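Just below is one structure, and these are the notes that go with it.
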Amino acid sequence: MISLVIPVFNSKALVSEMIECVLSQTMKNWELILVDDGSNEDVIQMMMNYSHLNNKIRVIKRDRLPKGAPTCRNIGLENANGEFIMFFDSDDLISSTCLENRIKFMNSNLKIDFGVFRARSFHSVSDLENQEFCKADYSYELISEPRDSFLNFLKGLYPFVVYTNIYRRLSLIENKIQWDENLNVLQDIDFNFTTLSKGLLCEFDKITDYDYFIRASHNENSISSNLAEDKKYNSAKYLIDKVVKTIYNTFPNHKEYRIEFWGFVIFYFNRILLDKSKTKDYVNFCSQYFSAFRIFRLKTVVFFSYIFYDFRYFRRISRILQNIFYVS
């Protein structure tokens, strides 16, 4: 059996669409664990109605702090019964053969801990039905190799995310892998980094077509927007500190890995660059982990970018400067 864990916070219509996707699966041996994060009563009632109609659907209310998807996913993991487990988002969609194909792949690759599949983004259900996908949004095409995944995550290049993956539940339990409930943003990156740093083995399914579809028009509860907001910014600094310490304590060649992690530093730097106070604090924060020369390069980009702070030129000038100063 496979366990599907989905945190839910409002967005009634979108949650219902995802539940209908699960109900239409060609494979029937599944359980759906909907973990509510404090939704409105009508959303809770909608989920309970589905649960009453199908005993494979369970609704669990988050019963501890902190609020957020990581806590909900941990609760789902703790209550899961399946041999396999997947973590999905409530506002996305899956193909009708998603579970069947992923189970077949895992049963054909018995030595791996998780498998990775393709995903792409869309704007509306009608666009999805007409095979009209977002050209400018994320698509996970499996262009790298599993052996390169760890370094890619350090560099800020992400070959997969959690919802593209199917995990052996026992692999997560035996390696004591959980979602970090201290994170308010970038939880997906942290979870994947943890699985790879603990040595979990993965393979990419390069045959199956896209089976997970990311809704590009994020709802009001999305955590991806405004990464310079205080809670998310502090969460990102917490993650950087955590990753650097993990690298130092786990790998003999930690200096090399720390240099590779510079890619993630730039990844987040670009997302807060329009906030002057956060940018200044971020540069000072990073100075405790990276060489003076690398910090000088950050400061140089900040200095010259803000000369051209007019938004029309800011991104363009910043990108040019990064090409000059961020070469490893």
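The values are calculated or read from the model by the stated rules, or taken from the named source; none is laboratory data. Quick caveat, the model's predicted, so the values are computed rather than measured. Quick reminder, even Gly has a Cβ in these numbers, built from the backbone with ideal geometry, and neighbours come from all protein chains shown. Calculation scope for accessible area: heavy atoms of the full protein, side chains included, ligands and nucleic acids excluded. Shrake-Rupley method; radii C 1.70, N 1.55, O 1.52, S 1.80 Å.
The stretch 227-301 holds helices (runs of 4 or more DSSP H) entirely within its bounds, and those carrying 2 or more residues that are open to solvent by 50 Å² or more (accessible area, probe 1.4 Å) map to 230-250, 254-260, 276-286.
Remark: pairs (first residue in the stretch 22-33, farther than 16 Å from residue 60 by Cβ and outside any strand (DSSP E or B); second residue of a type in the set (Ser, Thr, Tyr) and open to solvent by 30 Å² or more (accessible area, probe 1.4 Å); Cβ separation under 9 Å; 6+ apart in sequence or on different chains) = 23/50; 24/96; 25/96; 25/97; 26/96; 26/97; 27/97. Scanning the stretch 75-105 for residues that are part of a helix (DSSP H, G or I) and in contact with a strand residue (DSSP E or B) (Cβ under 9 Å, 6 or more places away or on another chain) yields 75, 76, 77, 79, 98, 99, 102, 103, 105.
Can residue 5 be described as open to solvent by 20 Å² or more (accessible area, probe 1.4 Å), within 16 Å of residue 87 (Cα to Cα) and part of a strand (DSSP E or B)? It is false that residue 5 is open to solvent by 20 Å² or more (accessible area, probe 1.4 Å), within 16 Å of residue 87 (Cα to Cα) and part of a strand (DSSP E or B). Contact annotation: residue pairs with Cβ atoms under 8 Å, 6 or more positions apart or on different chains, pairing a residue in the stretch 71-88 that is more than 16 Å from residue 8 (Cα to Cα) with a partner that is surrounded by 23 or more Cβ atoms within 10 Å (Cβ to Cβ) and among the basic types (Lys, Arg), are 84/102. Selection of the stretch 59-92 for residues being open to solvent by less than 10 Å² (accessible area, probe 1.4 Å) and modelled with pLDDT under 95 yields only 92.
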